[in-house]
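Input: a single structure, listed below in structure tokens.
Bear in mind that the values in this text are calculations on the coordinates, not laboratory data. For clarity, every value in this text was computed on a predicted model and none was experimentally measured. Here the Cβ is made from the backbone with ideal geometry for all residues, glycine too, and neighbour counts use every protein chain on show.
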Amino acid sequence: MSNRFLLASTSAGWPPPVLDPGGPYAEPVTLLAWALLIGGAVVLAIVVAALGTALFGSKRLKAKLGGERAIWLGGFLFPAVVLTGLLIWGLSLTSSLSPQPGTDAMRVRIIGEMWWWRVHYLDARGQEALRDANELHIPVGRPVLLELESADVIHSFWIPRLAGKMDMIPGRTNKLLIEADRPGVYKGQCAEYCGGPHALMGFVVVAHSAKDFERWRAARRPADGGGGPGLDLFLASGCAACHTIRGTAANGLAGPDLTHVGSRQTLGAGILPNNPGTMAGWIADSQAIKPGNRMPAYHQFSGRELRALAAYLRGLE
Amino acid sequence: MAREEVMIAAVGTLLLGACHPAEIAPHDAGAAAIARGRDAARRLGCGACHAMPDSAWPKGRVGPALDGFGDRAMIAGQLPNDPVRLAAFVRDAPALVPGTAMPAIPMRDEDARDIAAWLQSLHEQ
């Protein structure tokens with residue numbers, strides 16, 4: 001890897017380690033991956049040994065290798081037993097990871113968009129309770145049922161430390177369970193090429209202790225409307241055509257909901273740290289950062305206006 | 001390597017050294033501070049606005065590219081480019097250049113000093 005992702009790689013948890021499970025829905029997948037890798041290596045060694053024998057072995061060994069017994073054992077019985085065993089293990093493991101009815105899981109709908117994620121927290125009845133984007137907050141030690149959808153093309157939702165990949169397919173709802181053992185930040189990435197800046201379509205899961213999670217949830221209130229010049233600029237510059245800030249007149253739906261954008265870990269869908277500088281940079285020229293994304297560069301602001309706008313958005317927690 | 005070649009190499013090194021008197025860092029910025037500064041600039045995402053040398057992404061275009069910053073006379077066309085002012089500027093630009101688009105960016109004192117050391121170590125190739 002060149003230094004293409006150096007900036008991102010200095011932020012904690014990126015690139016997400018793929019063989020370091022952080023919860024019960026990722027552990028079996030890691031085990032299966034190791035079993036396949038090691039098993040595959042053993043089979044490869046056997047095949048290479050057989051090939052070596054066939055080429056360079058003594059007459060006696062060659063005769064044995066080509067005998068009917070060896071063909072039945074090595075060519076039929078061995079693969080039949082191993083592959084059947086793997087199939088049964090793989091299928092039962094997959095089904096043990098899929099949601100069982102009656103699970104006491106928190107529910108969240110996540111909708112893949114080119115090139116970001118809508119996040120809708122659902123209540124017990126499946127009604128939308130809170131809207132956010134590009135970041136998911138969960139309590140530790142509790143399964144979270146994700147209802148994965150897509151608004152445009154096929155994406156794939158992947159938080160390597162919390163679960164396997166799951167495709168997001170237009171017109172379908174795929175379900176995925178995740179659970180984190182420990183509080184922390186778990187990074188993710190769209191794992192199905194979805195055009196343009198697909199490589200810059202990241203995601204963040206933040207796992208809190210139960211108490212911290214309740215605190216986080218209670219603090220997610222609509223904006224109080226006291227936006228000052230920053231909000232005026234936001235509304236006057238067309239930002240509200242695409243973005244919602246609950247508690248204000250901004251109610252656009254095309255882009256990420258910004259009601260809590262100031263409290264997010266990242267900007268641009270998991271790719272930039274969130275601070276006043278990156279916020280200003282994203283607003284002024286997101287096309288330089290994430291080429292092809294659907295937000296145009298905004299070159300019309302004066303320095304002071306850009307700072308006021310960035311400061312206002314940073315204040316939205 | 002033959003002995004003569006070693007001698008020639010040694011003499012050459014001395015001569016070169018004489019032509020370019022030991023490079024004195026313009027301030028007390030060791031390699032460690034420069035490396036820390038580069039890492040801090042990446043961690044804070046300075047690349048969102050400024051193309052940074054040795055970093056292929058992101059190549060922000062909102063502010064000036066940072067390569068050769070150590071050769072520039074001025075900061076933002078307004079202030080002399082010295083380490084103390086530069087450290088103050090990277091952390092709180094609007095306090096020094098009121099009309100700038102660059103916001104004050106929360107960071108530790110050490111980060112500001114290290115980033116200034118890194119910026120002043122950048123010379124035109």
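What does the charge count near residue A:24 come to, summing +1 for each Lys or Arg and -1 for each Asp or Glu among other residues with Cβ under 15 Å from its Cβ?
-2
Which semi-axis lengths, in whole Å and largest first, follow from the square roots of five times the eigenvalues of the Cα gyration tensor of region A:228-314?
In descending order the semi-axes read 17, 15, 13 Å.
Taking the Cα centre of the protein assembly as shown as origin and charging only Cβ (+1 Lys, Arg; -1 Asp, Glu), how large is the dipole, in debye to the nearest 20?
1140 debye
Roughly how many whole Å is it from the C-alpha centroid of region A:74-126 to that of region A:284-305?
About 39 Å separates the Cα centre of region A:74-126 from the one of region A:284-305.
Test of the criteria: in region A:113-221, which trypsin sites (Lys or Arg not before Pro) are in a DSSP loop and have at most 11 other Cβ atoms within 10 angstrom of their Cβ?
Sparse-neighbourhood loop trypsin sites (Lys or Arg not before Pro): A:125, A:172.
Quick one: go through region A:71-95 and flag any residue whose amide nitrogen is under 11 Å from the point 7 Å out along the Cα-to-Cβ line of residue A:45.
Nothing falls inside the zone, counting backbone N under 11 Å.
Report the calculated FRET efficiency for residue A:80 and residue A:181 (r = Cβ-Cβ distance, R0 = 41 Å), to the nearest 0.05. Don't skip to the answer; put the middle values down first.
On the way: r = 38 Å, r/R0 = 0.93.
With a Förster radius of 41 Å, E is 0.60.
For residue A:253 and residue A:88, FRET efficiency with R0 = 45 Å and r from the beta-carbon atoms, rounded to 0.05?
Between residue A:88 and residue A:253 the formula returns 0.45.
Apply the a/c threshold of 1.5 to the C-alpha gyration tensor of region A:123-249 and tell me whether it is rounded, prolate or oblate.
oblate
Nearest-5 percent of antiparallel DSSP beta bridges in chain A?
Here the share of antiparallel DSSP bridges comes out near 70 percent.
Just subtract the alpha-carbon distance of residue B:104 and residue B:85 from 0.36 nm times their residue separation and send over the number in nm, one decimal.
Working it through step by step, the gained length comes to 5.4 nm.
Based on Cβ point charges of +1 for Lys and Arg and -1 for Asp and Glu, what charge dipole magnitude is obtained for region A:210-257 about its Cα centre, in debye rounded to the nearest 20?
On the way: 6 positive and 5 negative charges, 48 e Å.
Its charge dipole is roughly 240 debye.
Round to a whole angstrom and tell me the spacing of the C-alpha centers of region A:156-219 and region B:40-91.
Each part's Cα centre sits 34 Å from the other's.
Determine the gain in length on full extension of the stretch residue A:59-residue A:221; use 0.36 nm per residue of separation and subtract their C-alpha separation, reporting nm with one decimal.
50.2 nm
Report, ordered by chain and residue number, the aspartates and glutamates lying within cross-link reach of residue A:211, taken as a straight Cα distance under 17 Å and ignoring same-chain residues fewer than 8 apart.
Correct list for residue A:211: A:179, A:181.
For a label point 7 Å from the Cα of residue A:70 along Cα→C-beta, name the residues of region A:31-49 whose backbone N is under 18 Å from it.
It comes to A:43-49, nothing else.
Find which of A:88, A:180, B:105 sits farthest along the positive direction of the dipole of the protein assembly as shown, computed with +1 on the beta-carbon of Lys and Arg, -1 on that of Asp and Glu, about the Cα centre.
My answer, from the dipole projection, is A:88.
Once you list every other residue whose beta carbon is under 13 Å from the beta carbon of residue A:206, what net charge do they have if Lys and Arg are +1 and Asp and Glu are -1?
Once positives and negatives cancel, what remains is +4.
Compute the signed sum of charges (Lys and Arg +1, Asp and Glu -1) over the other residues within less than 10 Å, Cβ to Cβ, of residue A:174.
Around residue A:174, the charge tally is -1.
Expressed in nm to one decimal, what extension gain is obtained for the pair residue A:142 and residue A:241 from 0.36 nm per residue of sequence separation less their Cα-Cα distance?
Using 0.36 nm per residue and subtracting the Cα-Cα distance, I get 31.9 nm.
If I take R0 = 41 Å and measure r between the Cβ atoms of residue B:74 and residue B:32 in this structure, what FRET efficiency does the formula 1/(1 + (r/R0)^6) give, to the nearest 0.05?
Details: r = 27 Å, r/R0 = 0.67.
Using R0 = 41 Å, I get an efficiency of 0.90.
Would you be so kind as to identify which of B:79, A:37, B:35 lies farthest towards the positive end of the dipole of the protein assembly as shown, taking Lys and Arg as +1 and Asp and Glu as -1 on Cβ and the Cα centre as origin?
Farthest along the dipole direction, towards plus: A:37.
Across 5 Å bins from the origin, how do the percents of Cα pairs in region A:91-193 run, short distances first?
The distribution over region A:91-193 is 2, 13, 23, 28, 21, 11, 2, 0, given as percents.
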